[in-house]
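Laboratory data are not the source of any read-out in this text; all were calculated from the coordinates shown. Here the structure is a predicted model, which means the values were calculated and not measured. Don't worry about glycine lacking a Cβ; one is built from the backbone with ideal geometry, like all the others, and counts go over all protein chains shown.
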Amino acid sequence: MYEYLTQLSVVLRSGKNVDDIADSFSTTQYKSKKWLVDTLQKQTIVPNPSILIVGGWYGSYLIPLLQETLTPRHIYHNDLDSSVISTAKLLHQSNKNISFHEFDATKHSEKFHVDILINTSCEHMHTVGTHLVDNPNCLYVLQSCDNQNDPGHINISRTTDEFVTKTKLSTIVFCGRLPLGHKNRFMVMGYQEN
Ligand SMILES: C[S@@+](CC[C@H](N)C(=O)[O-])C[C@H]1O[C@@H](n2cnc3c(N)ncnc32)[C@H](O)[C@@H]1O
């Protein structure tokens, strides 16, 4: 924890992406990621899972929360933005079980043999990332929202049901909505039969 805060101060002193990094540590970010991890802990998951995080941004809350609760074997952290990836590398550099992967998740063709795929940026993409995984038992953990006021939100959902349909998962083990004042966050967890 203290090591993480030390790294955060190094990142902030670099002066790059400071407002965006601050946004990633907002209260709504914390609520959304805590909801995810608390719900994930209640699912049947293999011990020390390998996890692919798609469109992971800086992983500000998600990575430490996952490390504390699931002790993952490995985290593959993806984002398409090179400056986001370099900041995330710096922020999490004391974690030896993380690798960083810069690619467009909607176009990438490499497959990852992971136990869990997490994509909390589904409102930014037209696909959720199931094509990136070659494990039929992978648990997909997906979040989206109904906030239309961000030009990056190219694929919002208006309801939980709409988001469930968009994910195209064949088995749903959880779906729900988290009201966050100015927007709703939706979450779907499930499996995809090949
Ligand atoms: C604003 S951030 C995170 C938003 C999300 N609501 C959350 O709370 O986690 C969205 C991230 O998705 C990344 N992103 C957008 N489209 C992507 C894509 N096609 N492949 C990979 N990363 C993508 C962006 O670079 C950005 O870092």
Determine, yes or no, whether Tyr30 is of a type in the set (Ser, Thr, Tyr), under 24 Å from Thr127 (Cα atoms) and within 15 Å of the ligand (Cβ to nearest atom).
no
From Asp146, Asp115, Asp134, grab the single residue that is away from the ligand (no atom under 11 Å from the Cβ), surrounded by 12 or more Cβ atoms within 10 Å (Cβ to Cβ), more than 23 Å from Ser60 (Cα to Cα) and among the acidic types (Asp, Glu).
Asp134
Scan segment 102-123 and give yes if some residue there is within 17 Å of the chain's Cα centre (by Cα) and in a helix (DSSP H, G or I), otherwise no.
yes
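Okay, residues lined up against (1) surrounded by 19 or more Cβ atoms within 10 Å (Cβ to Cβ); (2) in contact with a helix residue (DSSP H, G or I) (Cβ under 9 Å, 6 or more places away or on another chain):
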| residue | (1), (2) |
| --- | --- |
| His108 | no, yes |
| Thr120 | yes, yes |
| Ile154 | no, yes |
| Asp161 | no, no |
For segment 165-173, indicate whether the set of residues that are in contact with a Gly (Cβ under 6 Å, 6 or more places away or on another chain) and not in a strand (DSSP E or B) is non-empty.
yes
Boolean, Ser94 is assigned to a loop (DSSP other than H, G, I, E, B), farther than 17 Å from Phe25 by Cβ, away from the ligand (no atom under 11 Å from the Cβ) and in contact (Cβ under 8 Å) with a residue 12 or more places away in the chain:
yes
Somewhere in segment 164-175, is a residue farther than 17 Å from Lys33 by Cα, crowded, with 20+ Cβ neighbours inside 10 Å and among the aliphatic types (A, V, I, L, M)?
yes
Filter pass, Ile118 being of a type in the set (A, V, I, L, M) and touching a residue at least 40 places away in the same chain (Cβ under 8 Å)
yes
I'd like to verify a number: residues in segment 129-164 that are touching a Cys at 6+ places or on another chain (Cβ under 6 Å), assigned to a strand (DSSP E or B) and of a type in the set (S, T, N, Q), how many?
1
Please verify whether segment 71-79 includes one or more residues that are of a type in the set (Asp, Glu), under 19 Å from Cys122 (Cβ atoms) and in contact with a helix residue (DSSP H, G or I) (Cβ under 7 Å, 6 or more places away or on another chain).
yes
With the requirement that a residue be surrounded by fewer than 10 Cβ atoms within 10 Å (Cβ to Cβ), assigned to a loop (DSSP other than H, G, I, E, B) and in contact with a strand residue (DSSP E or B) (Cβ under 9 Å, 6 or more places away or on another chain), what does segment 179-194 give you?
Glu193
